[in-house]
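The values are calculated or read from the model by the stated rules, or taken from the named source; none is laboratory data. Note that the coordinates shown come from a computational prediction; the quantities given were computed from them, not determined experimentally. Here Cβ is always computed from backbone atoms with ideal geometry, including for glycine, and neighbour counts include all displayed protein chains.
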């Protein structure tokens, strides 16, 4: 059999990758979404269950047992930011989005029907502001008017785009049925259907109370309700009631105050008032929850975080909030509820720990939300508000060391190190040589971190006031620091990576164009043997680098806002020879925000347009995934990482973290763990059999029990390969026992496993 293998190795080397490997679904499959669902924008309640919308996701919360169920784009939702939410009489959950997309979810089956009529229309503004269910119809208050949908068939029935003398396509905020007639709260005032009106698509069928004429003197209306037989409006300047003589204040105490939401429960009217508070000279938006019982108005919650909607008041008071479903118990205790997830949809950087967990850095400035860890599907958040060891949530970059410690670069607090035993250590200008930014005493920005082969942690000190830009923390706890002698006047460096020679590559940002390198050659205190140099416009790198990475061949890949450059033969840098960057043709038009290399050396490029998978040399691409044709939570990809141990990819977007499986798994060192599954293999039921435990660059042959060659296949190059149950002529093989013979490129390592095929 070895002679047979040797005779066919040359042929095997010339075979192209099988088409299954090149298919989009095999490159990235089994998409999932992990999203922060703390920022709740809309809520609804029915039968003991709260439904809440957060971004483009949805979750249910069973009040009695505090059980959550989350729904994301990968569960069938359209993924656009939800701006309206309602539950109909049959228990279907309706959502409307900012781009006009509408979903109807059946909670009993999880099935989602998406309605695209509004989204695909030519209207310039399509946002769904409210959904009101009346009988068999769902009324959509939109930015162009109102649209009526048959809630059972989901067919569109009518659209009202002009109300009386109001301008066409006036935005509608709320709709209510009052006395058998419809009333709409619009951006121009209140529109009331006339008695015995015909088609409400006819503008003449409406009476209007215009803001401009003073007919509705309470500012823009926000919501409508029918309370004790009266029509009530919540508006930017008060709470109003309609009578035959027009609109008057329900209570003069609230005249001029912004009222945001109304909810009628039994004989009580609940409403939310927007308030402000001053703390340390800064003004913060707050909310107050009140109840009108027909005679008096009571304050139920005097001071709550900003909220503009009441979800329900059963047993406790529930409001939407930026921190989850906000609950005020009857004892006044405030809590927040949301599904387990990251603290925010910010995923600037990721790294993989030896224990299988994934660590994420959230970013900088006001949107930063600390550090997160994902372990076996569960999230742990590390926030300054919840941990005394953390003083800043601006975790900007992350790297994992050889002993499992996790290091973060922080935008303001220097370096944080999380040890495997749970300790959190912080290094800043007060306890290390790290320098603060110019004009600050202890605002230390570390824009990138990485470990070298000797376990030294390297930190890139951004905008340091002493011009030292590179710092090394040794395993013994000593700090070493280095200036960029080639550009002493610049100190704003954004990205860093370390190659196989322990050369540090770091990119200039804001101050110009250039990628610099430095190698101390293992001697921190002997500068005579240091190697340093640069790649800039004189070498053909004419664009600012956004990200740097080293591929499996040891080449440097430079992502920019206008394409990708590659620099080969990095050992030349140590000898002082010139480096020659070249623009990669297949990725030349990419607006690169992030880049990753998988175990079979494919290039994954994240941009504002999605996620592109390039060939090993970047000369062409396999596929591009976006929010429409793949499982991405949003088009713009802010970070991308591929776990070599599992082949799982992690793409960070503003709508959540999108994860997926790939065929790219770190090759095995030997064939000792080779296995083939499923057993038995039924080609009519299962698309393919998996050969797992391959060494790098493996191929395999399939033989029948008589020793005849049935099929020969190349593999993607990592630990996994596939056989679809066909012979080399493309025909499915008959039922029987077959032998899978795997071998490396030289044919020096061979392993055999058998598989039963049943048809």
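Of note:
- Within the range 28-81, the residues that satisfy the criterion of being in contact with a helix residue (DSSP H, G or I) (Cβ under 7 Å, 6 or more places away or on another chain) and under 30 Å from residue 600 (Cβ atoms) are 31, 32, 33, 79.
- Of all residues in the range 720-759, those being farther than 13 Å from residue 700 by Cβ and crowded, with 20+ Cβ neighbours inside 10 Å number 2.
- In the set (1) under 27 Å from the mean Cα position of the chain (by Cα); (2) surrounded by fewer than 23 Cβ atoms within 10 Å (Cβ to Cβ); (3) under 15 Å from residue 393 (Cβ atoms), residue 443 fails one condition alone, (1).
- Of the residues 363, 341, 324, the single one that is under 21 Å from the mean Cα position of the chain (by Cα) and more than 30 Å from residue 647 (Cα to Cα) is 324.
- Failed item, numbered, when residue 542 is tested on (1) without any contact (Cβ under 8 Å) to a residue 60 or more places away in the chain; (2) surrounded by 14 or more Cβ atoms within 10 Å (Cβ to Cβ); (3) under 27 Å from residue 350 (Cα atoms): (3)
- A single entry from 151, 113 fulfils the requirement of being in contact (Cβ under 8 Å) with a residue 24 or more places away in the chain and surrounded by fewer than 19 Cβ atoms within 10 Å (Cβ to Cβ): 113.
- Taking the numbered list (1) touching a helix residue (DSSP H, G or I) at 6+ places or on another chain (Cβ under 9 Å); (2) at pLDDT 95 or above; (3) under 28 Å from residue 616 (Cα atoms) in turn, residue 578 passes all entries but (2).
- Which listed residue, of 526, 511, is over 15 Å from residue 573 (Cβ atoms), surrounded by fewer than 16 Cβ atoms within 10 Å (Cβ to Cβ) and under 32 Å from the mean Cα position of the chain (by Cα): 511
- Qualifying residue in the range 301-319 (condition: touching a helix residue (DSSP H, G or I) at 6+ places or on another chain (Cβ under 7 Å) and surrounded by 20 or more Cβ atoms within 10 Å (Cβ to Cβ)): no
- Subset of the range 180-204 that is surrounded by fewer than 20 Cβ atoms within 10 Å (Cβ to Cβ) and touching a strand residue (DSSP E or B) at 6+ places or on another chain (Cβ under 8 Å) - its residue that is farthest from residue 98 (Cα to Cα): 195
- Any hit, the range 620-636, residues being farther than 18 Å from residue 656 by Cβ and touching a residue at least 40 places away in the same chain (Cβ under 8 Å): yes
- Candidates 497, 523: the one that is in contact with a helix residue (DSSP H, G or I) (Cβ under 7 Å, 6 or more places away or on another chain) and either without any contact (Cβ under 8 Å) to a residue 60 or more places away in the chain or part of a loop (DSSP other than H, G, I, E, B) (or both) is 523.
- Flag for residue 670 being modelled with pLDDT under 95 and crowded, with 21+ Cβ neighbours inside 10 Å: no
- Residue in the range 97-106 that is under 21 Å from residue 206 (Cα atoms), buried (at least 23 other Cβ atoms within 10 Å of the Cβ), modelled with pLDDT of 95 or more and touching a strand residue (DSSP E or B) at 6+ places or on another chain (Cβ under 9 Å) present: no
- Hits in the range 564-621 (condition: within 18 Å of residue 496 (Cβ to Cβ) and in a loop (DSSP other than H, G, I, E, B)): 570, 579, 581
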